[in-house]
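Trainee: One structure coming up, written as structure tokens, with questions to follow.
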Amino acid sequence: MFKRLLVAVLLICLSPLAAWSGEKAYSRVVSLYAAHAENLAAMGAANVLVGVNEPMNGLPVVGARDSAEAIAALRPDLVLARPMHRATQPGLIEQLTRLGVTVVCLQPASEAGLDEYWLELGRLTGHEREARAMCENFRRDLDAVRATVAKAAGAGRKRVFFESIHRQMKTISPGSMADFVLQAAGGDNLARDAEPVSGTNIASFGLERVVALGDSLDVYLAQKGTMNPVSLEEIAATPGLSALKAVREGRVFLVDEALVSRPTPRLLEGVRAVAAILYPEVFAQEAHK
């Protein structure tokens, strides 16, 4: 399903036959995806940003729905986008290239592509050494959390349904960032056979199948954010969900979608947050060491 670890589309418009050499470090970057900007900041490259799609350090805010002219007015030498922008805003990239702006579309398709994605951002901005250190720190800290999870889940992993969109009762796609977070935190995804929607990180499941989980469900988890503005009360009040043991016993929890769905080092915070939900006694002890 996820045949490519890193989806990368490189479009250059300096000339019709131009090819990116990989040697130039870009110094005026517009990010049309919040994760790109967050990752650049994490590797010490925030100073290259001249525009972002979410508020950050007082920078101009522009998005993929803005005009190419509005983005080009910030005088970027690089625009960082996502592969999905080619489908959702098909004319934007072509217009930017015609205006003389280099556009690179990047997004890792799974956790296995994180390092290469971060390293590519580092190469593009002249911060490859810092990006490599970021990768090493992330993997080291992740190994430490996984070791604690292994001890906590020794008697059996907690069985979880992870909601992504409540109103449609959708779940997370197998292999997605959120699925990685759940697995790393010691959760057993009971909707692991859910079918991804058009290759996205969202998968169809349906209320009937959720209800059928019944007493086998230990924890009902929902990501909360722009994509899923849900509340604990709304979940508890949904007809049929009271058939779930986890709901009846109040084991319903929300987690910030930015911590579990964006390919940034904060995924580690997501793993810790979910692990603390699944194994509170063990992770409470870890916090006090």
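The values are calculated or read from the model by the stated rules, or taken from the named source; none is laboratory data. Please read these numbers as outputs of a predicted model, since none were measured by experiment. Because the Cβ atoms are built from the backbone with ideal geometry, glycine has one as well, and the counts that use them run over all protein chains shown.
Trainee: Based on what the data block shows, is residue 282 closer than 30 Å to residue 133 by Cβ, outside the structural domain of residue 110 (by TED's automatic domain parsing), among the hydrophobic types (A, V, I, L, M, F, W, C) and crowded, with 20+ Cβ neighbours inside 10 Å?
Mentor: So residue 282 fails the test.
Trainee: Please verify whether residue 222 is modelled with pLDDT of 95 or more, crowded, with 21+ Cβ neighbours inside 10 Å, outside any helix (DSSP H, G or I) and outside the structural domain of residue 114 (by TED's automatic domain parsing), treating the condition exactly as stated.
Mentor: Values: modelled with pLDDT of 95 or more: yes; crowded, with 21+ Cβ neighbours inside 10 Å: yes; outside any helix (DSSP H, G or I): yes; outside the structural domain of residue 114 (by TED's automatic domain parsing): yes.
Here the answer is yes, as residue 222 does meet what is asked.
Trainee: Can you find a residue in the range 18-26 that is crowded, with 16+ Cβ neighbours inside 10 Å, over 30 Å from residue 137 (Cα atoms) and at pLDDT below 95?
Mentor: There is no residue in the range 18-26 that is crowded, with 16+ Cβ neighbours inside 10 Å, over 30 Å from residue 137 (Cα atoms) and at pLDDT below 95.
Trainee: Just to be sure I understand the filter: pairs with C-beta atoms under 7 Å, separated by 6 or more residues or on different chains, first member in the range 82-104 and on the phi > 0 side of the Ramachandran plot, second member part of a loop (DSSP other than H, G, I, E, B). Which pairs pass?
Mentor: 100/13
Trainee: Here's a follow-up. Are any residues in the range 246-257 over 18 Å from residue 171 (Cβ atoms) and not in a loop (DSSP other than H, G, I, E, B), and if so, which ones? Outline the logic, then answer.
Mentor: Filtering the range 246-257 down to residues over 18 Å from residue 171 (Cβ atoms) leaves 248-250.
Selection gives 248 alone.
Trainee: Further question: Kindly list, by first and then second residue, each pair from a residue in the range 241-268 that is assigned by TED's automatic domain parsing to the domain that holds residue 208 and crowded, with 20+ Cβ neighbours inside 10 Å to a residue that is among the polar types (S, T, N, Q) and in a helix (DSSP H, G or I), limited to pairs with Cβ atoms under 8 Å and residues at least 6 apart or on different chains.
Mentor: These pairs meet every condition: 263/39; 264/39.
Trainee: Test residue 230 against the criterion of being crowded, with 22+ Cβ neighbours inside 10 Å, hydrophobic (A, V, I, L, M, F, W, C) and under 18 Å from residue 274 (Cβ atoms), and give yes or no. Give the derivation first.
Mentor: Details: crowded, with 22+ Cβ neighbours inside 10 Å: no; hydrophobic (A, V, I, L, M, F, W, C): yes; under 18 Å from residue 274 (Cβ atoms): yes.
For residue 230, the condition - crowded, with 22+ Cβ neighbours inside 10 Å, hydrophobic (A, V, I, L, M, F, W, C) and under 18 Å from residue 274 (Cβ atoms) - is not met.
Trainee: Further question on the same structure: Out of 45, 34, 73, I need the residue that is crowded, with 18+ Cβ neighbours inside 10 Å and modelled with pLDDT of 95 or more. Which one? Steps first, answer last, please.
Mentor: Numbers: 34 fails: crowded, with 18+ Cβ neighbours inside 10 Å; 73 fails: crowded, with 18+ Cβ neighbours inside 10 Å.
Residue meeting the stated conditions: 45.
Trainee: Only one residue in 92, 124, 78 is buried (at least 16 other Cβ atoms within 10 Å of the Cβ), at pLDDT below 95 and either touching a helix residue (DSSP H, G or I) at 6+ places or on another chain (Cβ under 8 Å) or more than 27 Å from residue 185 (Cα to Cα) (or both). Which one? Lay out the reasoning, then the answer.
Mentor: On the way: 124 fails: at pLDDT below 95; 78 fails: at pLDDT below 95.
None of the other options fit; the residue is 92.
Trainee: A follow-up question, please. Just to be sure before I move on: is residue 234 outside any loop (DSSP other than H, G, I, E, B) and without any contact (Cβ under 8 Å) to a residue 24 or more places away in the chain in the structure I sent?
Mentor: On the way: outside any loop (DSSP other than H, G, I, E, B): yes; without any contact (Cβ under 8 Å) to a residue 24 or more places away in the chain: no.
Considered against the rule, which asks whether it is outside any loop (DSSP other than H, G, I, E, B) and without any contact (Cβ under 8 Å) to a residue 24 or more places away in the chain, residue 234 comes out as no.
Trainee: Here's a follow-up. Take residue 245 and tell me if it is farther than 29 Å from residue 144 by Cα, basic (Lys, Arg) and at pLDDT 95 or above.
Mentor: yes
Trainee: Among all residue pairs at least 6 apart or on different chains, which show Cβ distances below 7 Å where the first residue, located in the range 184-204, is in the same structural domain as residue 283 (by TED's automatic domain parsing) and at pLDDT 95 or above and the second is among the basic types (Lys, Arg) and assigned to a loop (DSSP other than H, G, I, E, B)?
Mentor: 186/157; 187/157; 188/157
Trainee: Let me ask something else about it. Being closer than 20 Å to residue 99 by Cβ and assigned to a loop (DSSP other than H, G, I, E, B) is the filter here, so list the residues in the range 34-58 that pass it.
Mentor: Passing the criteria: only 53.
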